[in-house]
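The values are calculated or read from the model by the stated rules, or taken from the named source; none is laboratory data. All of these numbers come straight from a predicted model, not from anything done at the bench. Positions of Cβ are generated from backbone atoms using ideal geometry, with glycine treated the same way; all protein chains shown enter the neighbour counts.
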Amino acid sequence: MDTERHLPLNPRVLALLVALLEGPTHGYALKTAVEEGSDHTVTMDPGSLYRHLSRLEEDGLVAEVPTPRDEAPGDPRRRFYGLTPLGRAVLAAETRRLRSLLPGAKRLRGLESG
């Protein structure tokens, strides 16, 4: 799998892929998960959310999936998205990349108080 061509991930894309680790979900729930999961440091308006999801679908990182069985009936237009195997691999590669940066970042502790 060619994961490297997708890196580094945009922070919003990273947050979306992390939110999809919980399982397939629909757009509004993804928006909420991204914002709550980032302590509201990452926010998404609907246009931005769906542009990112469309691009992630084109790149093969996410796919539209059937409505989960445990989901209450709702708007029939609601689309659910899930991670693809490539999406999981890219997320794992980005996690490794970010971890490799942490030792250098620890040397910057003095900047936190500035």
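Just one of (1) more than 12 Å from G87 (Cβ to Cβ); (2) modelled with pLDDT of 95 or more; (3) touching a His at 6+ places or on another chain (Cβ under 8 Å) fails for L7. It is (3).
Take L98 and tell me if it is surrounded by 14 or more Cβ atoms within 10 Å (Cβ to Cβ), in contact (Cβ under 8 Å) with a residue 24 or more places away in the chain and hydrophobic (A, V, I, L, M, F, W, C). No. Scanning the range 75-95 for residues that are in contact with a strand residue (DSSP E or B) (Cβ under 9 Å, 6 or more places away or on another chain), in contact (Cβ under 8 Å) with a residue 60 or more places away in the chain, closer than 15 Å to D2 by Cα and not aliphatic (A, V, I, L, M) yields one hit, G87. Checking each residue in the range 37-70 for being free of Cβ contacts under 8 Å to residues at least 12 places away in the same chain and exposed (fewer than 11 other Cβ atoms within 10 Å of the Cβ) picks out D39, H40, T41, D45, G47, E58, R69, D70. Does at least one position in the range 26-34 carry a residue that is within 15 Å of L91 (Cβ to Cβ) and part of a loop (DSSP other than H, G, I, E, B)? No. Checking the range 19-34 against the condition returns a match, with at least one residue being under 10 Å from the mean Cα position of the chain (by Cα) and touching a residue at least 60 places away in the same chain (Cβ under 8 Å). Within the range 2-18, the set of residues being in contact (Cβ under 8 Å) with a residue 60 or more places away in the chain and surrounded by 12 or more Cβ atoms within 10 Å (Cβ to Cβ) comprises T3, H6, L7, P8, L9, L14, L17, V18.
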